[in-house]
Number of protein chains: 4
Amino acid sequence: MTANQPKQTLNVAMIGQGFMGRAHSNAFHQVTRFFDTPYDLRLKVICGRNRESLEAMAKRWGWEETSTDWEAVVARKDIDVIDVATPNLLHAPIAIAAAKAGKIVLCEKPLAMSVDEAERMATAARNVPNLVWFNYRRVPAVSLAKRLVDEGRLGNVYHYRSVYLQSWGADPARKGVWRFNRAEAGSGAIGDLLTHTLDLALLLNGEIEELSAMIQTFAPGREVDDAVLLLARFANGSIGSFEATRFAIGCKNRNAFDINGSKGMLRFNLEDLNRLEFFDATDPTHIQGEHQVLVTGPGHPYVDRYWPPGHIIGYEHTFISSLADFLDALARKETFHPNFDDAVRVQRLVEAVERSAKDGAWVRVEKTAPGKHKAAS
Amino acid sequence: MTANQPKQTLNVAMIGQGFMGRAHSNAFHQVTRFFDTPYDLRLKVICGRNRESLEAMAKRWGWEETSTDWEAVVARKDIDVIDVATPNLLHAPIAIAAAKAGKIVLCEKPLAMSVDEAERMATAARNVPNLVWFNYRRVPAVSLAKRLVDEGRLGNVYHYRSVYLQSWGADPARKGVWRFNRAEAGSGAIGDLLTHTLDLALLLNGEIEELSAMIQTFAPGREVDDAVLLLARFANGSIGSFEATRFAIGCKNRNAFDINGSKGMLRFNLEDLNRLEFFDATDPTHIQGEHQVLVTGPGHPYVDRYWPPGHIIGYEHTFISSLADFLDALARKETFHPNFDDAVRVQRLVEAVERSAKDGAWVRVEKTAPGKHKAAS
Amino acid sequence: MTANQPKQTLNVAMIGQGFMGRAHSNAFHQVTRFFDTPYDLRLKVICGRNRESLEAMAKRWGWEETSTDWEAVVARKDIDVIDVATPNLLHAPIAIAAAKAGKIVLCEKPLAMSVDEAERMATAARNVPNLVWFNYRRVPAVSLAKRLVDEGRLGNVYHYRSVYLQSWGADPARKGVWRFNRAEAGSGAIGDLLTHTLDLALLLNGEIEELSAMIQTFAPGREVDDAVLLLARFANGSIGSFEATRFAIGCKNRNAFDINGSKGMLRFNLEDLNRLEFFDATDPTHIQGEHQVLVTGPGHPYVDRYWPPGHIIGYEHTFISSLADFLDALARKETFHPNFDDAVRVQRLVEAVERSAKDGAWVRVEKTAPGKHKAAS
Amino acid sequence: MTANQPKQTLNVAMIGQGFMGRAHSNAFHQVTRFFDTPYDLRLKVICGRNRESLEAMAKRWGWEETSTDWEAVVARKDIDVIDVATPNLLHAPIAIAAAKAGKIVLCEKPLAMSVDEAERMATAARNVPNLVWFNYRRVPAVSLAKRLVDEGRLGNVYHYRSVYLQSWGADPARKGVWRFNRAEAGSGAIGDLLTHTLDLALLLNGEIEELSAMIQTFAPGREVDDAVLLLARFANGSIGSFEATRFAIGCKNRNAFDINGSKGMLRFNLEDLNRLEFFDATDPTHIQGEHQVLVTGPGHPYVDRYWPPGHIIGYEHTFISSLADFLDALARKETFHPNFDDAVRVQRLVEAVERSAKDGAWVRVEKTAPGKHKAAS
């Protein structure tokens, strides 16, 4: 495609108008500014239940139309992309309908309320391009971590440690949000936070074979978990631990991991997302120490598309970069990751976590045989 | 104004298509998304010398028209705002012409090539709303620093320390850029970096009365300064030092300051722009220590407009927030800061720096009497 | 006691001449220099198996005599204090013999090879002053943490996280050390590292009621564990995790914990032992952030005995401060902590950890009823 | 010398009983414990004016005798080493007398009250082994910095930045100390703090050719400077700045420097003295970042003499390591650094600083021609 050739335009419909709706809207606008995308995007319809806020949001974020009927939107011939940014309860029905209608489907995480649901979604989406918004894979520092792992710079991995620490679960002002409602959210910290970190672990350290978990709800009367902790054995022989909580007073959004391998260590923390720490055990002994890499280029993933080295980016850019990669894969007819199949793997881990916590026992994680999802009826 | 009332639209023309052109274009789009602005903005014309890149940039960033004739653009009746994002050489002619044409004028820093030029610009702009893009005032952490100073949390200030450390001046690949050309840039690290830090010092610590400076060019044959250092006495009785350099290998964009007062200390570093360190000497002795404030709300300047607490923002947001404040001031018919008059104060400091370095002597800084700029001829 | 009154002298015999032997020797000398101790100490006998190295060590560290027969040493009438700094295997026989001989007994951690052994030691030591060298309680920052907990500054605790990360287990040069020998050491990271962190958890967060653990040996053919991880439920309703490993490449001696409560957070890391991080959720919202407390006084535990504020201390000072407190308690005829009874509690946790890891199941921790140790035969 | 051969014993007399008296006493004891010194040391006499405190200090720190007559002590035949730890005023008379008496002379910094005095001291000490207690050269991280400089790992140096920030000058409780008395101290922050940092600069970056300084006294009625700042040009073409202050509220003992060269950057801070940051610009681009080197071995200067890797040391160890090197040089009949000649260089800089601040002008620093000190009369 040359610069003069007009690009194909994809018409997007987004279902949802909350925090994620804003983050996605922003990405749909910004991706074509910062990246050389093979497609133009048109923000065609925003769909939600509250009509008043919907109008305001459409105006603010440049959506051409509004709708309160997602089924009608999914049925529209002029829509190419359905983006699901609703509470978790609606992910499956909308995504499955959209996939059946042949749409490109983008869906927020956690993909589903259960493994069964996730598998039906993955099966439905088998033949359409799809994405799950595990956006933290595209933090430049995380992508760099993946590159260092792939370059063999960690050697054999011994330890993987992950925490996702937030504190708003203890805030009485947040009492009524849907994320505390079991019917809508399915779970608490597990679906909201732990799934992010499990996805990163799968990316960076591979399959988890077995785990032992505990779940805790601190707030009286709350329907969902406030915190989850687990121990894990990975297929690569390393061992690890995970924690996700909304009761870590003092931490706002500390999604952090560290990995120790025979040749080095990696450390990352989302509250400081422009940095990656890398201890290189192959450095001369007297200058060994964590390299504090300011991941703003040159030579770093994604960030050369934004600003010059040293000019940091933020949370929102992870959505933009995810979308850019998705559009590239789409144009090249390649499979994008993380997709629905990847999210099924996360969902299996979630199910194992919940089972382990309930039974107070170690649980082996069921492997997902590729292509073996049950057919959606 | 109610939500239903259509907002007045301001038509914007931007002269320039480089790094700053991108940053401003982004801000013109994003400000209405993240802020409840009293105006809508229309990206009407982008103006530059290289037609080919101009077309590409217009397309990418949504400018409706292009032009290679800034004088024609300034003369257009339908343009409300002229944004000057050119090399420094052109700031004065364009801004003065725009001001004379009654336009709202936004101008990149450093405002001018000399105090004389700056004063003529300020005089010309006396009757039009104007802004200088000293964007770092609107880093949320910097705005918070200002708030803490205003709350008296530092007490009497003893020390102000500022460094702005970059390293690209030593990079042979960057050889030909206009920023190394004296005719276009006027100066090197002084205009590019030191002016930012002087503006912040004026904001946070008030007037500088005298200074002793040194200037250094490391690169053979380079026309402009690579580094500048100075000692200063402030009107409030504190003493300070400043350094700006493009030869601080190891630092990408370390615009940092720290302030010690009788009641506390502040520390900031642009490479970690979502944090402010505050040592509160009024804390109980045994728990005194720098508070590592993650300035992402709640209760923090600007950031509540972007994402929830703990979701960090980046460099580009400083332009968006500056513009939002400017539009608010415009609607309220209030004077915005930093404006051309503020930039004249910076320019006087720059002149004092250059004189001091040339003479190897302490120099008293000329005070700018308000309203006493020479008339532009 | 006045300054002029001669102090009673305690004659010390130390069994052991390794790393801990050096650390204790240093403490025996330094405690009277830095603290106003109620006793003088005389380094009377050092006892060990390797006579050659023993002579050199005695000379270097000022021990008056050497011996290779610990039983003879324990039987000496002129010895007041027996300090056990041997490999773990010998802790019990020496400590029990010393206690039966009426000596003051100091013993390295882990106290014992089993709960049974630990209880017999505690029973034997019931009537003699005793100490276990869980020296990290006296890191000034840890003591400050305890003070903040006691002041109620954390509120209700939700989370306790602990890691003790070392990397020398992967170093082939360290192959033959006794710490890898099951007969002499009993365990690996568990006894060496985890016991330290369990002791701190008991100090700072109280009893652990149940736990689920995993143990891993990475080095082929190694007899002891290289790593241990566990999840825990505390009696105070909080939940937690622990990890201790000798395979955390990149970490030398990272004994770290963090605690989240309803009113604040604490963070500590032994590699930076002069600092404590305290997030005070009762600070005004806009200045909330981890206080980086440089725990070097004034108003901080122990450090006023060493150097002026800002002059940091090191690892060795934890032994000195422990000893100072012990001697004070001795003079006041008060029970010192941590003592053998405290170490029994740790040993019960260790046993639970090993059982849990073996069975792959959660284990309830047996409570130690005070005074209910089995009688030593 | 074999291990069995008895080592020669040096009899030490120390004049002074304050903070430095304690630090030196400690070093005299500890050096033979941690290092294989070629000499044994005997703490023979401590000399001071306040007899009561002197007795207590002698007892506590193991000095065999006390004296209130330093001249008598210097005259004693059985004394090999005179250590001067008095207020600055007495450095010259004692050190000169000791040197003339053929003693080994150790002297606290700042060496003297003037260049003239310093030169007379250096001349007097020409023929006796001598040391100045610029102890921070032997912080392991500083020694490592020197090694990296010598290995060429910084390339051509562009920038040297140094601050020494303390805050006790603002503490009313410290009002009467001799360090605020001009007659006894000579100067304030200059002699106490700046001399340390100038000595490190000379070590790490070589001669300073010219400088421009300012001096400030904040406390009303105080006789000495509270703060000093200066700009400098080094002989190697780099430029730098120095600041020393006792009014940096929020900082206890922040003696910090950073150096930028064509190939890397170094950063050090005494409040975190076990770490050195090294940015290696020769690392692959994508993993460039400050190496956070925990300077506790293996392969690091001095620290292998203390504890295993990861076990940090403190302030006091810098005196021990200095003394160890001095004794080694003594046995090898080599010149130790920093010695009186080195301190003369620092004193010349101090004089230039004071002159520059007084005149408000740049000052060229007089070079010390080796062996050209004026003869002491």
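The values are calculated or read from the model by the stated rules, or taken from the named source; none is laboratory data. Owing to the predicted nature of the structure, the values given are computational and were not obtained by experimental measurement. No Cβ is skipped: glycine too gets one built from the backbone with ideal geometry, and neighbour counts run over all protein chains shown.
Could we say that C:T296 is touching a Pro at 6+ places or on another chain (Cβ under 8 Å), in the same structural domain as C:N181 (by TED's automatic domain parsing) and without any contact (Cβ under 8 Å) to a residue 60 or more places away in the chain here?
On the way: touching a Pro at 6+ places or on another chain (Cβ under 8 Å): yes; in the same structural domain as C:N181 (by TED's automatic domain parsing): yes; without any contact (Cβ under 8 Å) to a residue 60 or more places away in the chain: no.
The answer is no for C:T296.
In the list D:V84, D:V128, which residue meets the criterion of being surrounded by fewer than 24 Cβ atoms within 10 Å (Cβ to Cβ), closer than 30 Å to D:P301 by Cα and modelled with pLDDT of 95 or more?
Numbers: D:V84 fails: surrounded by fewer than 24 Cβ atoms within 10 Å (Cβ to Cβ).
On inspection, the qualifying residue turns out to be D:V128.
So, of the residues in the range A:18-38 that are among the aromatic types (F, W, Y) and surrounded by 19 or more Cβ atoms within 10 Å (Cβ to Cβ), which turns out to be nearest to A:D328 (Cα to Cα)?
Pass one, the range A:18-38, residues among the aromatic types (F, W, Y): A:19, A:28, A:34-35.
From the residues that got through so far, the ones that are surrounded by 19 or more Cβ atoms within 10 Å (Cβ to Cβ) too are A:28, A:34-35.
Values: A:F28: 14, A:F34: 14, A:F35: 10 Å.
Ranking the qualifying residues of the range A:18-38, first place goes to A:F35.
Condition check: over 19 Å from the mean Cα position of the chain (by Cα), crowded, with 20+ Cβ neighbours inside 10 Å and at pLDDT 95 or above. Does C:D199 satisfy that?
no
Of everything in the range C:68-84 that's touching a Lys or Arg at 6+ places or on another chain (Cβ under 9 Å) and either assigned to a loop (DSSP other than H, G, I, E, B) or free of Cβ contacts under 8 Å to residues at least 40 places away in the same chain (or both), which residue is farthest from C:V224 (Cα to Cα)?
This residue is C:D78.
It is to be established whether one or more residues within the range D:321-339 are closer than 23 Å to D:N253 by Cβ and free of Cβ contacts under 8 Å to residues at least 24 places away in the same chain.
For the range D:321-339, residues closer than 23 Å to D:N253 by Cβ and free of Cβ contacts under 8 Å to residues at least 24 places away in the same chain: absent.
With respect to B:A95, determine if the residue is buried (at least 19 other Cβ atoms within 10 Å of the Cβ) and small (G, A, S).
When the stated conditions are applied, B:A95 passes them.
Check D:K77 against each of (1) basic (K, R); (2) in contact with a helix residue (DSSP H, G or I) (Cβ under 9 Å, 6 or more places away or on another chain); (3) closer than 14 Å to D:A13 by Cβ and name the one condition it does not meet.
D:K77 satisfies all of (1) basic (K, R); (2) in contact with a helix residue (DSSP H, G or I) (Cβ under 9 Å, 6 or more places away or on another chain); (3) closer than 14 Å to D:A13 by Cβ except (2).
Has the range A:145-158 got at least one residue that is touching a Gly at 6+ places or on another chain (Cβ under 8 Å), more than 24 Å from A:A235 (Cβ to Cβ) and either modelled with pLDDT of 95 or more or in the same structural domain as A:S238 (by TED's automatic domain parsing) (or both)?
No, because not a single residue in the range A:145-158 is touching a Gly at 6+ places or on another chain (Cβ under 8 Å), more than 24 Å from A:A235 (Cβ to Cβ) and either modelled with pLDDT of 95 or more or in the same structural domain as A:S238 (by TED's automatic domain parsing) (or both).
Of all residues in the range A:203-241, how many are under 21 Å from the mean Cα position of the chain (by Cα) and β-branched (V, I, T)? Break it down into steps so the answer makes sense when it comes.
Just the residues of the range A:203-241 that are under 21 Å from the mean Cα position of the chain (by Cα), to begin with: A:203-208, A:224-230, A:232, A:234, A:240-241.
Applying the additional criterion that residues be β-branched (V, I, T) yields A:208, A:224, A:228.
Count: 3.
Do we find a residue being part of a helix (DSSP H, G or I), aliphatic (A, V, I, L, M) and surrounded by 15 or more Cβ atoms within 10 Å (Cβ to Cβ) anywhere in the range D:1-17?
Taking the range D:1-17 and keeping what is part of a helix (DSSP H, G or I), we get none.
No, that holds for no residue.
Which residues, taken from the range C:1-30, are within 11 Å of chain D (Cβ to nearest Cβ) and either more than 22 Å from C:R174 (Cβ to Cβ) or in contact with a strand residue (DSSP E or B) (Cβ under 8 Å, 6 or more places away or on another chain) (or both)?
Within the range C:1-30, C:A3, C:N4, C:P6, C:K7, C:S25, C:N26, C:H29, C:Q30 qualify.
In the range D:164-216, what count of residues is obtained for those that are of a type in the set (A, V, I, L, M, F, W, C) and either within 14 Å of chain B (Cβ to nearest Cβ) or within 25 Å of B:V157 (Cα to Cα) (or both)? Give the derivation first.
First, the residues of the range D:164-216 that are of a type in the set (A, V, I, L, M, F, W, C): D:165, D:168, D:170, D:173, D:177-178, D:180, D:183, D:185, D:189-190, D:193-194, D:198, D:200-204, D:208, D:211, D:213-215.
If we keep only those that are either within 14 Å of chain B (Cβ to nearest Cβ) or within 25 Å of B:V157 (Cα to Cα) (or both) as well, we get D:165, D:168, D:170, D:173, D:177, D:180, D:189-190, D:193-194, D:208, D:211, D:213-215.
Within the range D:164-216, residues that are of a type in the set (A, V, I, L, M, F, W, C) and either within 14 Å of chain B (Cβ to nearest Cβ) or within 25 Å of B:V157 (Cα to Cα) (or both) number 15.
Cβ-Cβ distance below 7 Å, separation of 6 or more or different chains: which pairs start in the range A:352-377 with a residue that is at positive phi and not assigned by TED's automatic domain parsing to the domain that holds A:V228 and end on one that is hydrophobic (A, V, I, L, M, F, W, C) and at pLDDT 95 or above?
Correct list of pairs: A:G360/C:W362.
Determine which single condition A:H159 fails, assuming it passes every other condition in (1) closer than 26 Å to C:S212 by Cα; (2) within 14 Å of chain B (Cβ to nearest Cβ).
Exception for A:H159: condition (2).
For the range A:28-57, name all the residues that are free of Cβ contacts under 8 Å to residues at least 12 places away in the same chain and small (G, A, S).
Going residue by residue through the range A:28-57, those that are free of Cβ contacts under 8 Å to residues at least 12 places away in the same chain are A:32-33, A:36, A:52, A:55-56.
Matches in the range A:28-57: A:A56 only.
Looking at the range D:180-190, is at least one residue over 21 Å from D:S322 (Cα atoms), modelled with pLDDT of 95 or more and acidic (D, E)?
Within the range D:180-190, not a single residue is over 21 Å from D:S322 (Cα atoms), modelled with pLDDT of 95 or more and acidic (D, E).
Give the residues of the range C:248-259 that are over 19 Å from the mean Cα position of the chain (by Cα) and more than 14 Å from chain D (Cβ to nearest Cβ), sorted by residue number.
Once the filter is applied, which keeps residues that are over 19 Å from the mean Cα position of the chain (by Cα) and more than 14 Å from chain D (Cβ to nearest Cβ), the range C:248-259 yields only C:I259.
When residues of the range C:289-346 are filtered for being of a type in the set (A, V, I, L, M) and either at pLDDT below 95 or under 23 Å from C:V105 (Cβ atoms) (or both), how many remain? Give the derivation first.
Step one: list which residues in the range C:289-346 are of a type in the set (A, V, I, L, M), which gives C:293-295, C:303, C:312-313, C:320, C:323-324, C:327, C:329-331, C:343-344, C:346.
With the extra rule that they be either at pLDDT below 95 or under 23 Å from C:V105 (Cβ atoms) (or both), the set shrinks to C:303, C:320, C:323-324, C:327, C:329-331, C:343-344, C:346.
Of the residues in the range C:289-346, 11 are of a type in the set (A, V, I, L, M) and either at pLDDT below 95 or under 23 Å from C:V105 (Cβ atoms) (or both).
Is it fair to say B:F278 is out of contact with any Phe, Trp or Tyr (no Cβ under 8 Å at 6 or more places or on another chain), crowded, with 19+ Cβ neighbours inside 10 Å and assigned by TED's automatic domain parsing to the domain that holds B:I239?
Numbers: out of contact with any Phe, Trp or Tyr (no Cβ under 8 Å at 6 or more places or on another chain): yes; crowded, with 19+ Cβ neighbours inside 10 Å: yes; assigned by TED's automatic domain parsing to the domain that holds B:I239: yes.
In short, yes.
Against the conditions (1) surrounded by 23 or more Cβ atoms within 10 Å (Cβ to Cβ); (2) touching a Lys or Arg at 6+ places or on another chain (Cβ under 9 Å), where does B:A361 fall short? Just the number, please.
So B:A361 meets the others, but not (1).
Given the residues C:F268, C:F218, which is the only one that is surrounded by 19 or more Cβ atoms within 10 Å (Cβ to Cβ) and either more than 26 Å from A:Y164 (Cβ to Cβ) or among the basic types (K, R) (or both)? If you could, list the steps in order and put the result at the bottom.
Values: C:F268 fails: either more than 26 Å from A:Y164 (Cβ to Cβ) or among the basic types (K, R) (or both).
Selected residue: C:F218, the only one of C:F268, C:F218 that is surrounded by 19 or more Cβ atoms within 10 Å (Cβ to Cβ) and either more than 26 Å from A:Y164 (Cβ to Cβ) or among the basic types (K, R) (or both).
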